[in-house]
1. Out of all the residues in segment B:1-31, which are small (Gly, Ala, Ser) and part of a loop (DSSP other than H, G, I, E, B)?
2. Of the residues that make up segment B:137-145, is at least one in a strand (DSSP E or B), over 30 Å from B:Lys245 (Cβ atoms) and in contact (Cβ under 8 Å) with a residue 60 or more places away in the chain?
3. Taking helices (runs of 4 or more DSSP H) that do not extend beyond segment A:8-82, which have at least 1 residues that are hydroxyl-bearing (Ser, Thr, Tyr) and surrounded by fewer than 17 Cβ atoms within 10 Å (Cβ to Cβ)?
4. Considering each residue of segment B:222-249, count those that are assigned to a strand (DSSP E or B) and surrounded by 24 or more Cβ atoms within 10 Å (Cβ to Cβ), and give that number.
5. Out of B:Ser163, B:Ser223, report the one residue that is out of contact with any helix residue (DSSP H, G or I) (no Cβ under 6 Å at 6 or more places or on another chain), over 22 Å from B:Trp23 (Cβ atoms) and in contact (Cβ under 8 Å) with a residue 60 or more places away in the chain.
6. Determine if segment B:279-295 includes at least one residue that is touching a Pro at 6+ places or on another chain (Cβ under 9 Å), under 18 Å from B:Pro386 (Cβ atoms) and at pLDDT 95 or above.
7. Would you pick out the residues in segment A:1-46 that are within 14 Å of chain B (Cβ to nearest Cβ) and polar (S, T, N, Q)?
8. Sort out which residues of segment B:8-40 are out of contact with any Leu (no Cβ under 7 Å at 6 or more places or on another chain), surrounded by fewer than 24 Cβ atoms within 10 Å (Cβ to Cβ) and either touching a residue at least 60 places away in the same chain (Cβ under 8 Å) or aromatic (Phe, Trp, Tyr) (or both), and write them in order of number.
Amino acid sequence: MAKSEAEILEGLAAIVAEETGLDAAEVQSAKSFTDDLDIDSLSMMTIVTLAEEEFDVRIPDEDVKDLVTVGDAVKYIEGAQS
Amino acid sequence: MTAVVVTGLGATTPLGGDVPSTWEGALAGKSGVRTLENDWAEKYDMPVNFAGQLAVQPSEVLSRPETKRMDPSAQMAIVATREAWADAGSPEVDPERLGSIVSSGIGGVWTLLSAWDTVKEKGANRVLPLTVPMLMPNSPTAYVSLEIGARAGAHAPVSACASGAEAIGMAYEMIRSGRADVVVAGGTEAAIHPLPISAFAAMQALSKRNDDPAGASRPYDTSRDGFVLGEGSGVLVLESEEHAKARGARIYGRVLGVGMTSDSHHIAAPDPEGAGQTKAMQYALENADVAVKDVCHVNAHATSTPVGDMIEARGIRGVLGSHADQVLISATKSMTGHLLGGAGALESVFTILALDKRTAPPTINVDNPDPELELDLVRGTPRPLPAEGQLAAINNSFGFGGHNVALVFASN
């Protein structure tokens, strides 16, 4: 069953927290992965790979560069589910 | 010529999560070898179900992201490095004059094999992007260089069970040649995994004493039947004497020399004559400018294999001659198991402490010494080294492939 935007944000925040050690509460929609959360490209690819598995979606490598903020990723995953 | 001193020690081992607990366990003659708490033996029909497992898991001291980004072999090296670096007083060192040489004999075997499981079970797209930097055998030394900010070079010599000793020998040479003032050197291994255990067992290299794990590693005992796999890391901070003195560092001891040879005899079996091992010890003493009569202690490689132990013992006797009667021999793998790439480094920590504390750690489980053993083996309980004067000791490490490394240390 497709997950809601809030559920995706919660799940993605948990993945980011596990990968980076950040508090999950800091992983908010408006935050930029690189500028605000200080996530490097390898960590970003790790988060994407884990998110693909968690939400059962495919996020092609060429689309990852468009995922600037946490909100971008949430919207992308929401759209990719259906 | 630049003198090289030891100013910091770190370890995580089957005897303890740091150097003080490991040394205390060794002096008490404890065994760190236990039955594996998993179903591998049953599930995979493995002939060996015990090993020298870490007393403190890295996950208990590292952050969650750190344990996710590093293979267990690198995690252990980082735990030992943090202790050694703090022990050395967290020195301010010009990054261009600071190096790291931390070896693993096997590399990131857990990462490699779990990533292969992922490919088989979930497909190539599920393999995590950090897999390569986790499995590469230079990963521990690279993470150590990041940890301390080393830019003079990060190296990882690989020579199976001699790797850790080779790392220390190379670190000594790196400082003597003027490339660095301070080098964090050591070895690490995290190979208690069904595959390496099965593979070592297939070589008939491992003890199969499943009903008595703590008694399984018994170097020089007549009933020894193979080595016991161990895991962990040992790390030393090596420093030029000038640099150490200028910052008022506490000095544990000195690295006086290294001897390295190769057998060119067989890919896994040692040369029965032990010619390469003997030469490594002789070269190390020459390199150190230490006379045989000044050696008071040897931390032997002595893995508890039927053939290997006595080849080395005859070699030690050959090098030391009649002076061997005055030399205390310790085989600490009897307590820790064999840390493979970590062994030479952990045993260097033991050797430095033995000289500093003037106490040779014991060899346990030697109920009936091999009748051919013509050495003064420290059995059961520690024994004092000479109370006066500067002391010198040898630490031997030999690896599959015919790698022989002997290090000579001295008290300060």
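The values are calculated or read from the model by the stated rules, or taken from the named source; none is laboratory data. Note that this is a predicted model, so its numbers are computed, not measured. We place every Cβ from the backbone using ideal geometry, glycine too, and count neighbours over all the protein chains shown.
1. B:Ala3, B:Gly17, B:Ala28, B:Gly29, B:Ser31
2. No; the residues of segment B:137-145 include none that is in a strand (DSSP E or B), over 30 Å from B:Lys245 (Cβ atoms) and in contact (Cβ under 8 Å) with a residue 60 or more places away in the chain.
3. The qualifying helices (runs of 4 or more DSSP H) are A:41-55.
4. At the first step, the residues of segment B:222-249 found to be assigned to a strand (DSSP E or B) are B:227, B:229-230, B:232-240.
Pick out the ones that are also surrounded by 24 or more Cβ atoms within 10 Å (Cβ to Cβ) and you get B:227, B:229-230, B:232-239.
Qualifying residue count, segment B:222-249: 11.
5. Criteria check complete, one pass: B:Ser223.
6. No, that holds for no residue.
7. Those that are within 14 Å of chain B (Cβ to nearest Cβ) and polar (S, T, N, Q): A:Thr20, A:Ser41, A:Ser43, A:Thr46.
8. B:Gly17, B:Asp18, B:Leu27, B:Gly29, B:Ser31, B:Arg34, B:Thr35, B:Leu36, B:Trp40
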